[in-house]
Each structure stands twice: as C-alpha cells, then as structure tokens.
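The values are calculated or read from the model by the stated rules, or taken from the named source; none is laboratory data. Everything numeric here is computed off the predicted structure, so don't read it as measured data. All Cβ positions, glycine included, derive from the backbone under ideal geometry; neighbour counts span all protein chains shown.
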Amino acid sequence: MDFRFEIIVDYIPLLLKGTLFTIGISLVAILLGSILGLGITFGQLSRIWILRLPMHAYIHFFRGTPLYVQILIVHFGLVPFFIGSTNPIVAAITALTLNCAAYTAEIYRAGIQSIDKGQVEAAHSLGLSHFQTMRFIILPQAIRRMIPAFCNEFIVLIKDSSLVAVIAAPEIMYWSNAMRGQYYRVWEPYLTAAFIYLILTYSLNKVLVYIERKV
C-alpha cells in the first residue's frame, strides 16, 4: 500500500481546525443536552399525564430514528423554520443537542428511580418539598450512579459528531472528505480521521474515569 504522508501534512492545519470544531460542538451539545435531558426527565416522571406524554414521545422519536436523519431534518427543516435560512453550525449543534437530551433523559430517569423510594417518603415527612428532595437527597446520590452511563454517552456523541459532515459542518470528517476529493486517495484521509477520533475518545475516557474515581 502506497501511503503518502505529505498529503496529511498539507491538511494538518485544516484537520486541526476540524478537530477543534468537533470538540467545541460536542461540548456545547453535551452541556445543553444534559440540561435539556434533566428537564425532560422531570416531565416524564411527572404525575400529570399531559406532561408525561410529550416527553415520552420525544424520547422515543430521538432514540428510535437515526441521527443521520435527525441532522437532515434539523438542517433543512427546523433551522430554516426558525431563522429563515439554514446554517450548518447551528444545525449541527441543535441536532446533537436534541439527540443527546433524549439519551441523557433516560440516564437521569434510571438513576433517579434506582434510589430507594423510602428516602423520598422520609424527606417529605421531614417537611422537604419535592424540589428540595430531588436537589439535596435524590440527585446527589443518583448522579454518582449515572457517571459511567454519562461517560459512555459523551464518548458516543464525540464519534457521532462525524455525521454532521453531511451538512458541510467543518469538522474532522468534512476535511477528510475534502482531502479524499482533492487527491483521490482513501487510506490517508480516513485513517487520519480514525486516528484523531481515537485520540479524542481515549483522552476523554481517561478524564472521565479519573472524575468517576474522585466522585
């Protein structure tokens, strides 16, 4: 196999730019998705069915359809509907956030429901409101149990961000495809992209394992 390293060297500045973009949109999507997911969890755990129903529908839609399709729907439908024209960066962040929220909502739900209900009853008997019970008793315990699942979801999101190349968001795969199109080569762009994603996910995994041990 004839492997041409000079091609990779030519694209290093662009691949670095794409890597920073990938990290940026992934962090934003993880942050916003985690916040939105917590709200969705409270909705689906509510005793009011009119709040539960749309939350369940949201989760089933985003977990039951391919992220690729969701990105296209957001890019060509949702974003133009709200801002008048499409934008690949806004669409990428929006699609990843909405998808992440559905999965984190299930992580939150599983973590909260894993806590013994007796603790909720004890908190209420002491005069704590439902919000106070969740904030001071349930969530602090549940979050510790959720950390491994969150770690896995964050790593998956980093890899899934490669799909936003289809809407011309300038991340790693976008520039890898540009390299392939310019030089008509396959090994160099895609092996380089795989190596970059491997470094990102491995580094993130080490950081999250360290955080898990500390917590």
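Just give me the residues in the stretch 188-215 being among the hydrophobic types (A, V, I, L, M, F, W, C) and either at pLDDT 90 or above or surrounded by 13 or more Cβ atoms within 10 Å (Cβ to Cβ) (or both), in sequence order. Steps first, please.
Our first condition is that a residue be among the hydrophobic types (A, V, I, L, M, F, W, C); within the stretch 188-215, this holds for 191, 193-196, 198-200, 204, 207-209, 211, 215.
Result: LEU191, ALA193, ALA194, PHE195, ILE196, LEU198, ILE199, LEU200, LEU204, LEU208, VAL209.
Given the criteria surrounded by fewer than 17 Cβ atoms within 10 Å (Cβ to Cβ), of a type in the set (A, V, I, L, M, F, W, C) and either modelled with pLDDT under 95 or at negative phi (or both), does LEU20 qualify?
Numbers: surrounded by fewer than 17 Cβ atoms within 10 Å (Cβ to Cβ): yes; of a type in the set (A, V, I, L, M, F, W, C): yes; either modelled with pLDDT under 95 or at negative phi (or both): yes.
For LEU20, the condition - surrounded by fewer than 17 Cβ atoms within 10 Å (Cβ to Cβ), of a type in the set (A, V, I, L, M, F, W, C) and either modelled with pLDDT under 95 or at negative phi (or both) - is met.
Given the residues THR133, THR97, which is the only one that is of a type in the set (S, T, N, Q) and at pLDDT 95 or above?
Matching residue, one of THR133, THR97: THR97.
How many residues, within the stretch 164-183, are within 18 Å of the chain's Cα centre (by Cα) and over 16 Å from ILE23 (Cβ atoms)?
Qualifying residue count for the region: 2.
Which of the following residues is among the hydrophobic types (A, V, I, L, M, F, W, C) and in a loop (DSSP other than H, G, I, E, B): ALA169, ALA165, ALA193?
ALA169
Among the helices (runs of 4 or more DSSP H) lying completely within the stretch 67-114, list those that include at least 3 residues that are in contact (Cβ under 8 Å) with a residue 40 or more places away in the chain.
Qualifying helices (runs of 4 or more DSSP H): 67-73, 88-113.
How many of the residues making up the stretch 79-109 are within 19 Å of ALA165 (Cβ to Cβ) and hydrophobic (A, V, I, L, M, F, W, C)?
10
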